[in-house]
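*Asks:* This is the structure I have questions about; it appears just below.
The values are calculated or read from the model by the stated rules, or taken from the named source; none is laboratory data. Note that the structure is a prediction, hence the values are computed from the model and not measured. For neighbour counting, all protein chains shown are included, and Cβ atoms are generated from backbone atoms with ideal geometry for every residue, glycine included. In case anyone asks, the SASA skips ligands and DNA or RNA and just uses the protein heavy atoms, side chains included. Shrake-Rupley method; radii C 1.70, N 1.55, O 1.52, S 1.80 Å.
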Amino acid sequence: MDETNNKDSVTTRRKFIAILVGFMASVNALALGVPFIRTLVSASGGRREEAWTRVGELGSFPAGEPMEARFATLTVEAYQHKSVLNSAWVVKKSDTEVTVFSPICTHLGCHYAWNVETGHFECPCHASVFAPDGSVLSGPAPRPLDTLPVKTENGVLFVRWERFRTGSPNKIIV
Ligand code: FES
């Protein structure tokens, strides 16, 4: 009888130790895994642009004529700060009314350009044509040109750089 009790006691102790070891292993896996997964997510989809980028003095853009502006945006990716050269089309109607278009065609992502002769934005890849207000005049582009958020401070134009899904009728940030 004593021997049976002893065996039961040993078995119970072994089970307890096995459960304890399993629990400790799970806690360790969680402690190590969470930062690792966060790094992976940050490295793949965690790209983040710094809020506002200075584009230039509003007075330096001609009224009524689209002008391409180039600027560096700061990007935070996998905990690293990177400076990336970007551009956008600035369409200034007056000193208080300005629209900034992403330079990326809404069809499949080519860079379009302003054609002074025709007075349209034209994409060289599949011949989409856009009016100065960004609306689609012809071609396969599924939506108008994408506007970027803008603000002006003391006569200086700032833009928030964003990327949008191409090939979609809806403007979706990616
Ligand atoms: Fe511009 Fe296709 S990418 S028309």
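*Asks:* Looking for something surrounded by 14 or more Cβ atoms within 10 Å (Cβ to Cβ), within 16 Å of the ligand (Cβ to nearest atom) and either of a type in the set (Asp, Glu) or at negative phi (or both) - is there at least one such residue anywhere in the stretch 59-82?
*Replies:* no
*Asks:* Can you tell me how many residues within the stretch 98-134 are in a loop (DSSP other than H, G, I, E, B) and open to solvent by 40 Å² or more (accessible area, probe 1.4 Å)? Explain how you work it out, then say what you get.
*Replies:* Of the stretch 98-134, the ones in a loop (DSSP other than H, G, I, E, B) are 102-103, 105-110, 112, 116-119, 123-128, 131-134.
With the extra rule that they be open to solvent by 40 Å² or more (accessible area, probe 1.4 Å), the set shrinks to 108, 116-118, 124-127, 132-133.
Qualifying residue count, the stretch 98-134: 10.
*Asks:* Determine the pairs where a residue that is under 13 Å from residue 88 (Cα atoms), located within the stretch 160-174, has a partner that is modelled with pLDDT of 95 or more and of a type in the set (D, E, K, R) with Cβ atoms under 6 Å apart, the partner being 6 or more residues away or on another chain.
*Replies:* Qualifying pairs under 6 Å: none.
*Asks:* Could you check the stretch 115-132 and list, in sequence order, the residues that are more than 8 Å from the ligand (Cβ to nearest atom) and within 20 Å of residue 164 (Cα to Cα)? Spell out the reasoning first.
*Replies:* Filtering the stretch 115-132 down to residues more than 8 Å from the ligand (Cβ to nearest atom) leaves 115-122, 129-132.
Those that are more than 8 Å from the ligand (Cβ to nearest atom) and within 20 Å of residue 164 (Cα to Cα): 121, 122, 129, 130, 131, 132.
*Asks:* Hey, could you check the stretch 141-160 for residues that are open to solvent by less than 60 Å² (accessible area, probe 1.4 Å) and outside any strand (DSSP E or B) and say which is farthest from the ligand (Cβ to nearest atom)?
*Replies:* Out of the qualifying residues, it is 155.
*Asks:* If only one of 171, 93 is surrounded by 12 or more Cβ atoms within 10 Å (Cβ to Cβ) and modelled with pLDDT under 95, which one is it?
*Replies:* Values: 171 fails: modelled with pLDDT under 95.
Testing whether each residue is surrounded by 12 or more Cβ atoms within 10 Å (Cβ to Cβ) and modelled with pLDDT under 95 leaves just 93.
*Asks:* Residue 117 passes all but one of (1) touching a strand residue (DSSP E or B) at 6+ places or on another chain (Cβ under 6 Å); (2) charged (D, E, K, R); (3) at pLDDT 95 or above; which number fails?
*Replies:* Tallying (1) touching a strand residue (DSSP E or B) at 6+ places or on another chain (Cβ under 6 Å); (2) charged (D, E, K, R); (3) at pLDDT 95 or above, residue 117 fails exactly one: (1).
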